[in-house]
Amino acid sequence: MILRTFFLSLFCCAATVSACDLCAVYNKDVVPGESTSGFSFGVTEQFIPSHTVQLDDHELPPSVLDDLFVDSSMTHLVPTWNFSDRFGVSANLPIVHKRFKRLQLTSAGVASESGTEAGIGDLALIGRATILKASRDKSSFTLNLLVGVKFPTGDADRVAEEVRVTRELDLIYGTGHQHAISGVHLRDLALGSGSFDGVFGVTANARVDRFFFNAQFQYYLRTPGESGYEYGDEWMASGGPGLFLFSEKKLSLGLQFVAVYDVMFSDRVLGRENQNTGMSAVYLGPQINLAAGRRFSANAGVDLPVQIRNNGLQNVPDYRLHIGINFSF
């Protein structure tokens, strides 16, 4: 049997949480037999609550900022067409829901805002090429290249508002002033970026008998978007060892330990660095993979933060929960 892996864990999610277009497209699944051509459809869900407030890497002591938060939910709809066992193309349409409470410094003082933002996010189109594939007895190895583009289909009004407010506060306080008084920023609430971005990735998957290991690398190349605002580039490396608890033709169950290192560079607004963006994070957690024959697979896991180093004042993830299912036709 071959371990077929469609995994890059979109941490994370397009535009405003953590880029994860590839995560949704190439979810891990464990499927007996060779990959074949044809259509498949996947649905993945990622939930990220961000209630922890940090200032330059350090969690703040109890304060009024503890009541401020953003809870992000992204449901990805992923149709895929495999031309063969080596080439395929996928679309990733995220449906985003964000619930939040925040404070904003304005020209009139301090304003409090709470509510929800919901709608479609930025659509991504991803191509896959399997450049190396080998198997012998109970062992196998696969190497995939992933390339794609993200389109500005999501609402970027919050990005435009971020630029407008920054320009107003620059006139009042100057460009060197710390405008942020809350760790939840307008750019965190945007459904889209307003930009065309490049998406690149590599996945490597190996199996020996009941043991398997996979590793993934992905890079998101950002360009200027709504009102000239530019989200920072992001790269992510993840993977880890796993064990098939049982592996039969009709049913397979695998348990894996996953480590993730995620780096998001600072955004740029009005031609300069946004000092309250950008972070690097290390996550560890378990993931379980289930496959029923060749037609159905599912996975679920949680990423627990071990270390988060951030710039400026930000609400950072408390954890990241992800679950996905995939049907092949």
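Could you tell me whether THR153 is outside any strand (DSSP E or B), touching a strand residue (DSSP E or B) at 6+ places or on another chain (Cβ under 7 Å) and among the β-branched types (Val, Ile, Thr)?
The answer is yes for THR153.
Matching residues to (1) modelled with pLDDT under 95; (2) in contact with a strand residue (DSSP E or B) (Cβ under 6 Å, 6 or more places away or on another chain); (3) farther than 18 Å from ARG164 by Cα:
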position	(1), (2), (3)
ALA190	no, no, no
GLY194	no, no, no
ASN214	yes, yes, yes
PHE246	yes, yes, yes
LYS249	yes, no, yes
ASN274	no, no, no
GLY278	no, yes, yes
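Got a number for residues in the stretch 294-314 being crowded, with 21+ Cβ neighbours inside 10 Å and of a type in the set (D, E, K, R)?
1
Being within 22 Å of ASP209 (Cα to Cα) and in contact with a Phe, Trp or Tyr (Cβ under 6 Å, 6 or more places away or on another chain) is the filter here, so list the residues in the stretch 114-150 that pass it.
Within the stretch 114-150, ALA134 is the sole residue that qualifies.
I'd like the residue in the stretch 96-115 that is buried (at least 17 other Cβ atoms within 10 Å of the Cβ) and of a type in the set (A, V, I, L, M) and, out of all such residues, is modelled with the lowest pLDDT.
Ranking the qualifying residues of the stretch 96-115, first place goes to LEU105.
For the stretch 57-77, what are the residues that are among the β-branched types (Val, Ile, Thr) and modelled with pLDDT of 95 or more?
Residues satisfying the conditions are VAL70, THR75.
Name the single residue that is modelled with the highest pLDDT among those in the stretch 124-165 being of a type in the set (S, T, N, Q) and surrounded by fewer than 21 Cβ atoms within 10 Å (Cβ to Cβ).
Per the criteria, the residue is THR153.
Return yes when ALA160 is among the hydrophobic types (A, V, I, L, M, F, W, C) and in a strand (DSSP E or B) and no when it is not.
no
Please enumerate the residues belonging to the stretch 230-254 that are touching a Pro at 6+ places or on another chain (Cβ under 7 Å) and either more than 14 Å from PHE211 (Cα to Cα) or not hydroxyl-bearing (Ser, Thr, Tyr) (or both).
GLU230, LYS249, listed by residue number.
Could you figure out which of (1) at pLDDT below 95; (2) out of contact with any Lys or Arg (no Cβ under 7 Å at 6 or more places or on another chain); (3) surrounded by fewer than 17 Cβ atoms within 10 Å (Cβ to Cβ); (4) in a strand (DSSP E or B) isn't true of ALA291?
Failed condition: (3).
Could you check the stretch 277-288 and list, in sequence order, the residues that are in contact with a Lys or Arg (Cβ under 9 Å, 6 or more places away or on another chain) and either assigned to a loop (DSSP other than H, G, I, E, B) or under 30 Å from ASP170 (Cα atoms) (or both)?
Those that are in contact with a Lys or Arg (Cβ under 9 Å, 6 or more places away or on another chain) and either assigned to a loop (DSSP other than H, G, I, E, B) or under 30 Å from ASP170 (Cα atoms) (or both): THR277, MET279, SER280.
For the subset of the stretch 294-327 comprising residues that are assigned to a strand (DSSP E or B) and basic (Lys, Arg), which member is nearest to ASP67 (Cα to Cα)?
ARG320
So, in the stretch 216-243, how many residues would count as being over 23 Å from LEU191 (Cβ atoms) and buried (at least 21 other Cβ atoms within 10 Å of the Cβ)?
4
The values are calculated or read from the model by the stated rules, or taken from the named source; none is laboratory data. Small disclaimer: the values here were computed from a predicted structure and weren't measured. Note that each Cβ is placed from the backbone with ideal geometry, even for glycine, and that neighbours are counted across all protein chains shown.
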